[in-house]
Amino acid sequence: MYERMLDKSNKPCLSQIIEYIGKDGYARLCKLETYLKTQYNLSRELRFPFGNNYGWGYKYSHKSFHLFYAFFEKGTFTVLIQIGDKQVPAVEKTLVALTPKAKELWVTRYPCGNNGGWIKYRILEDADLLDIIQYIRAKKSPPKQN
């Protein structure tokens, strides 16, 4: 369950991605992307980063600022987001509004820097999108809209 797309030599096309993550997973990915496009100058790249254990996914950025990865899994996707030391205060301010699942993922994050870390958030329901959006906003505040 939740196997990743690990064949680096087989770059997936959109129809393969949709089939793999499922209709619900793809709908959630589209919801996340649609919202982020209203907040950021969003770019998306299909990538196979970090060796052979993470597999294929989309790298999302605001201009040249890396926001997060969304790794394709059987039936869903997982967001991998790095929170740097400078972004920790913004995350700590948002914790009160997050679900217990999101709070636990922050507590058990893979450490990076003095206080920051990597969070792997498997998106299984629409409510998970609200949490991950808060993490993304803490990492990079949306630019002021004109």
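The number of residues in region 88-109 that are without any contact (Cβ under 8 Å) to a residue 40 or more places away in the chain and either hydrophobic (A, V, I, L, M, F, W, C) or farther than 15 Å from Leu130 by Cβ (or both) comes to 14.
Close contacts from region 31-54, counting a first residue that is farther than 15 Å from Phe65 by Cβ and a second that is surrounded by fewer than 15 Cβ atoms within 10 Å (Cβ to Cβ), with Cβ to Cβ under 6 Å and a gap of 6+ residues or different chains, come to Phe48/Lys8.
Just to be sure before I move on: is Glu92 touching a Lys or Arg at 6+ places or on another chain (Cβ under 9 Å) and among the acidic types (Asp, Glu) in the structure I sent? Against the criterion (touching a Lys or Arg at 6+ places or on another chain (Cβ under 9 Å) and among the acidic types (Asp, Glu)), Glu92 does not qualify.
Step by step: first the residues of region 109-143, then only those that are closer than 19 Å to Ser61 by Cβ and polar (S, T, N, Q), then the one that is farthest from the chain's Cα centre (by Cα). Which residue is that? The extreme case among them is Ser141.
Per-residue answers, yes or no, for (1) touching a Ser or Thr at 6+ places or on another chain (Cβ under 9 Å); (2) free of Cβ contacts under 8 Å to residues at least 60 places away in the same chain; (3) hydroxyl-bearing (Ser, Thr, Tyr):
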position	(1), (2), (3)
Tyr60	yes, yes, yes
Lys63	yes, yes, no
Tyr69	yes, yes, yes
Gly75	no, no, no
Lys86	no, yes, no
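Just need a number here: residues in region 8-29 that are charged (D, E, K, R) and either without any contact (Cβ under 8 Å) to a residue 40 or more places away in the chain or not in a loop (DSSP other than H, G, I, E, B) (or both). Walk me through how you get there before you give the answer.
The first filter runs over region 8-29 and keeps only residues charged (D, E, K, R), leaving 8, 11, 19, 23-24, 28.
Now restrict to residues that are either without any contact (Cβ under 8 Å) to a residue 40 or more places away in the chain or not in a loop (DSSP other than H, G, I, E, B) (or both): 19, 23-24, 28.
Matching residues across region 8-29 total 4.
Among the listed residues Gly51, Gly57, Gly84, identify the single one that is surrounded by fewer than 19 Cβ atoms within 10 Å (Cβ to Cβ) and either closer than 17 Å to Pro12 by Cα or at pLDDT below 95 (or both).
Values: Gly57 fails: surrounded by fewer than 19 Cβ atoms within 10 Å (Cβ to Cβ); Gly84 fails: either closer than 17 Å to Pro12 by Cα or at pLDDT below 95 (or both).
After applying the criteria, what remains is Gly51.
The values are calculated or read from the model by the stated rules, or taken from the named source; none is laboratory data. All figures in this text were calculated on a predicted structure; none of them were measured in a lab. Glycine gets a Cβ as well: all are built from the backbone with ideal geometry, and neighbour counts include every protein chain shown.
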